[in-house]
Amino acid sequence: MSKDRVQQKLTILADAAKYDVSCASSGSNRPNASKGIGSSVSCGICHSFTEDGRCVSLFKILMTNYCIYDCAYCINRRSNDRPRATFTVDEIVQLTIGFYRRNYIEGLFLSSGVIKSPDYTMERMVQVVRKLRLEEKFNGYIHMKTIPGASEELVSQAGLFADRLSVNIEIPTEPNLKKLAPEKNFPGIMTPMEQIRNSILTSKEERRKYRKAPTFAPAGQSTQLIVGATPETDRQIILLSSKLYQTQKLKRVYYSGYLPVNDYDKRLPAIDKPPLVRENRLYQSDWLMRFYRFRAEEILSDDQPFLDLEVDPKLGYALRNLHLYPIDVNTADYEMILRIPGVGVQSAQRIIQARRHRKLTFYHLKKIGVVLKRAKYFIKTNELPAALRSDLPPENLKRMLLAGSTSKRKKAQDTQLSLFANYQPALATLQLQH
Amino acid sequence: MPIFVYDNTFEGLLTCIFEAYSRKQFPNTIQPEGKQPENLFDDTIKIKSDSEKASRVWKGIQNKLSAKNKQLPYHAFLSEEEEIEIKILRFARRLFSEKENIETDFGDPDIMEIVQTSRKVKKEAMRMMQFVRFQQTKDGLYFCGIEPQYDVLPLVINHFQNRFADQNWLLYDLHRNYGAFWNKKTVEEVVLTSREMNRNTGQVSENVLNESDAFYQTLWKSYFENINIKERKNLRLQRQHMPRRFWKYLTEKQ
């Protein structure tokens, strides 16, 4: 391959791929059985971190950034005048192997703009992963984006080679999707998602019967939602995620704070910074649902459309439900221990194990890894009640907690608190544009 | 109370535990050779490594530990932290003396410390898997020189051996001055005398570097640059996940 040309393409296509947030390489266990190259380990490995603090696990690249669509939120929309490039199948394969052998990456994340037709695009993507798996005997991790509208046949081929498949929803409600991406629709997204879910379930079922039955996307499927490009509330977003986890059996939903990449488009809100704090709160809520046994409705009730940007959602829950606290760490159920602010999954498990041997005190909790600064207001042990404050009004308690912590947000000098104070519906933003 | 002095190997430490029981004499410190005793008048006893005694102790420990914690004392030992030896001895004593499984009694400071130290060691091993960057030399060897905080090379060999089965590689601990070399069949321990690399950063000198490697390094750097989103700059988060001490070994940070 011509070196300069490849480097030029790489620059363009990496830059175009960076807005996809998923980079997980976890959930797959693919031993190097063929004595070829590569293995996937189920915990996933991040190989580097860019200046934005995001991990680089997979070689995340677009096959091409040409696109026949014109989605308002996308940098690669056809009406943008940007440098465009297309990788050949061989170029992607060679780069992936070259990077992998040097331990730069954990595998490939292949996505693409849509050229000619969804099927044409998807077919070339499948060629890449087929070549990696069959010719190069590559056992590293492969995440493949499914092109909405691609045929069932191509999707099922992709699933045989890839570890994870994803279809991005991007805009959380259909009317807003229609507004920003008139060429797309929800059925076009949900149909492949359902097909993938069914194929994964069938393949799991078959592998239970025959150990050698082929795997289908063993690391499951994921999706991405853009946050802040359209006026959906956090509650709408969390309810949607919860539904996706339950009915579509997704492994992950990613949230991508909207970056004003096409600020000339009047359908989009005028903001100058991505809503990073809101995005973080959504991820925390997502964690609560996946690891802390919270239901979506518990995180945000009917009368609360948005998450509190000042405190994390678990602390928010505790402050709204003070009647459930203090929780006795020596007797409470695992579920309740998980609901103590300042106690993570690991500390909770350690508490359950350690209290079989002896009664736990504040000293023990600290050693175990509990963040007492926060937890002390919500727990009791069999010691004298030292810092119990659950009789305080929630507002005062919240102020005390906030005063006691220099938040990460302040350190990062993030000023996204007022995002929705500034949010203007599309038409009203006209005067804000230059 | 005596001080046991051992040869700084895990086998040596296990022998110390054996000797403590057989002499019915429990030391209040166990020290590696060469270290000055704190008190001149302490009664020091030199313990000679004995693989038979060590394996008897190891078997005893294995019988007491649950499946997921089988390597706990070994991992803690690799931390090379001061006084870890005596903590491992006290841990072993509790293991042997009690009927029930005590490895989850996190209220015991020794146990909590052993668990946490072994976690730190495992995390460092993970960081090797993350931040090792191979450079390909002219004769086709993939080389990486790096300096882990703990002696974790033994813990990552399996991973690299499985993953890069079809290429020759050499992982070198620049601080402890030994490495593991995979010749596509077995792993050998090696000590390098070559001057063809920078002993500080592990970078191979240009005259032995494979030509295509420079190309991949350039590509990787430019990829690293372009995948970053400038509007989301957060250097603190970057450092939290990728500590500065590794940067000098990382291709993309050169």
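The values are calculated or read from the model by the stated rules, or taken from the named source; none is laboratory data. These numbers were taken from a predicted model, which means no experiment stands behind them. Backbone-built Cβ (ideal geometry, glycine too); neighbour counts: all protein chains shown.
Within region B:208-217, which residues are farther than 18 Å from A:Glu106 by Cα and at the interface with another protein chain (Cβ under 7 Å from one of its Cβ atoms)?
Hit for region B:208-217 is B:Phe215, nothing else.
Checking the structure you have, find out if any residue of region B:190-204 is polar (S, T, N, Q) and modelled with pLDDT of 95 or more.
Scanning region B:190-204 turns up no residue that is polar (S, T, N, Q) and modelled with pLDDT of 95 or more.
Within region B:223-238, is even one residue aliphatic (A, V, I, L, M), touching a helix residue (DSSP H, G or I) at 6+ places or on another chain (Cβ under 7 Å) and within 11 Å of another protein chain (Cβ to nearest Cβ)?
yes
Might you check whether a residue that is within 20 Å of B:Glu113 (Cβ to Cβ), assigned to a strand (DSSP E or B), touching a strand residue (DSSP E or B) at 6+ places or on another chain (Cβ under 6 Å) and not charged (D, E, K, R) occurs anywhere in region B:37-51?
No: region B:37-51 contains no residue that is within 20 Å of B:Glu113 (Cβ to Cβ), assigned to a strand (DSSP E or B), touching a strand residue (DSSP E or B) at 6+ places or on another chain (Cβ under 6 Å) and not charged (D, E, K, R).
Quick check, is A:Arg102 charged (D, E, K, R) and more than 7 Å from every other protein chain (Cβ to nearest Cβ)?
no
Do we find that B:Asp110 is surrounded by fewer than 19 Cβ atoms within 10 Å (Cβ to Cβ) and not aliphatic (A, V, I, L, M) in this structure?
yes
Just one of B:Ala125, B:Ala67, B:Ala76 is more than 12 Å from chain A (Cβ to nearest Cβ) and buried (at least 18 other Cβ atoms within 10 Å of the Cβ); which is it? Break it down stepwise before answering.
Numbers: B:Ala125 fails: more than 12 Å from chain A (Cβ to nearest Cβ); B:Ala67 fails: buried (at least 18 other Cβ atoms within 10 Å of the Cβ).
Going through B:Ala125, B:Ala67, B:Ala76 in turn, the sole match is B:Ala76.
Restricting attention to region A:388-404, report how many residues are modelled with pLDDT of 65 or more and either among the hydroxyl-bearing types (Ser, Thr, Tyr) or part of a helix (DSSP H, G or I) (or both).
Looking only at that region, the number is 10.
Could you pull out every one of the helices (runs of 4 or more DSSP H) wholly within region A:246-330 that has 3 or more residues that are within 14 Å of another protein chain (Cβ to nearest Cβ)?
Values: elements: A:276-291, A:296-299, A:313-320.
It comes to A:276-291.
Would you check if B:Ile229 is of a type in the set (A, V, I, L, M, F, W, C), within 30 Å of A:Gly257 (Cα to Cα) and not assigned by TED's automatic domain parsing to the domain that holds B:Ser79?
Yes; evaluated as a whole, the condition is true for this residue.
Got a sec? Which of A:Thr11, A:Thr50 is among the polar types (S, T, N, Q), on the phi < 0 side of the Ramachandran plot and surrounded by 20 or more Cβ atoms within 10 Å (Cβ to Cβ)?
One residue alone meets the criteria, A:Thr50.
Take the residues in region A:203-219 that are crowded, with 21+ Cβ neighbours inside 10 Å and of a type outside the set (Phe, Trp, Tyr), then tell me which one is nearest to A:Phe161 (Cα to Cα).
A:Ala217
For region A:291-299, does any single residue satisfy the condition of being crowded, with 20+ Cβ neighbours inside 10 Å and under 28 Å from B:Lys233 (Cβ atoms)?
Taking every residue of region A:291-299 in turn, none turns out to be crowded, with 20+ Cβ neighbours inside 10 Å and under 28 Å from B:Lys233 (Cβ atoms).
Could you identify the single residue in A:Gly44, A:Gly38 that is at positive phi, more than 10 Å from chain B (Cβ to nearest Cβ) and not basic (Lys, Arg)? Lay out the reasoning, then the answer.
Details: A:Gly38 fails: more than 10 Å from chain B (Cβ to nearest Cβ).
Step by step, each of A:Gly44, A:Gly38 is checked, and only A:Gly44 is at positive phi, more than 10 Å from chain B (Cβ to nearest Cβ) and not basic (Lys, Arg).
Out of all the residues in region B:102-118, which are facing chain A (nearest Cβ under 10 Å), without any contact (Cβ under 8 Å) to a residue 40 or more places away in the chain and part of a helix (DSSP H, G or I)?
Answer for region B:102-118, where residues must be facing chain A (nearest Cβ under 10 Å), without any contact (Cβ under 8 Å) to a residue 40 or more places away in the chain and part of a helix (DSSP H, G or I): B:Pro109, B:Ile111, B:Met112, B:Glu113, B:Gln116.
For A:Ala24, indicate whether it is aliphatic (A, V, I, L, M), under 24 Å from the mean Cα position of the chain (by Cα), buried (at least 21 other Cβ atoms within 10 Å of the Cβ) and at the interface with chain B (Cβ under 8 Å from one of its Cβ atoms).
No: the conditions fail for A:Ala24.
Does A:Val253 satisfy the criteria of being crowded, with 20+ Cβ neighbours inside 10 Å and touching a Ser or Thr at 6+ places or on another chain (Cβ under 8 Å)? Before the answer, list the steps.
Numbers: crowded, with 20+ Cβ neighbours inside 10 Å: yes; touching a Ser or Thr at 6+ places or on another chain (Cβ under 8 Å): yes.
Answer is yes for this residue.
Has region A:27-34 got at least one residue that is assigned to a loop (DSSP other than H, G, I, E, B), assigned by TED's automatic domain parsing to the domain that holds A:Asn280 and hydrophobic (A, V, I, L, M, F, W, C)?
yes
Within region A:173-202, restricting attention to residues that are assigned to a helix (DSSP H, G or I) and touching a Pro at 6+ places or on another chain (Cβ under 7 Å), which residue is surrounded by the fewest Cβ atoms within 10 Å (Cβ to Cβ)?
Checking each candidate, the answer is A:Gly188.
Hey, can you tell me all the residues within region B:214-254 that are over 30 Å from the mean Cα position of the chain (by Cα) and charged (D, E, K, R)?
Those that are over 30 Å from the mean Cα position of the chain (by Cα) and charged (D, E, K, R): B:Glu225, B:Lys230, B:Glu231, B:Arg232, B:Lys233.
Can you find a residue in region A:350-358 that is within 30 Å of B:Ile102 (Cβ to Cβ), polar (S, T, N, Q), in a helix (DSSP H, G or I) and more than 25 Å from the chain's Cα centre (by Cα)? Don't jump to the end; show me each part of the working.
Filtering region A:350-358 for residues within 30 Å of B:Ile102 (Cβ to Cβ) gives A:350-358.
Now drop any that are not polar (S, T, N, Q), which leaves A:353.
Adding the requirement that they be in a helix (DSSP H, G or I) leaves A:353.
Subset that is more than 25 Å from the chain's Cα centre (by Cα): A:353.
Yes, that holds for at least one residue.
I need the full set of residues from region A:56-66 which are crowded, with 22+ Cβ neighbours inside 10 Å and in a loop (DSSP other than H, G, I, E, B), in order please.
A:Ser57, A:Met63, A:Asn65
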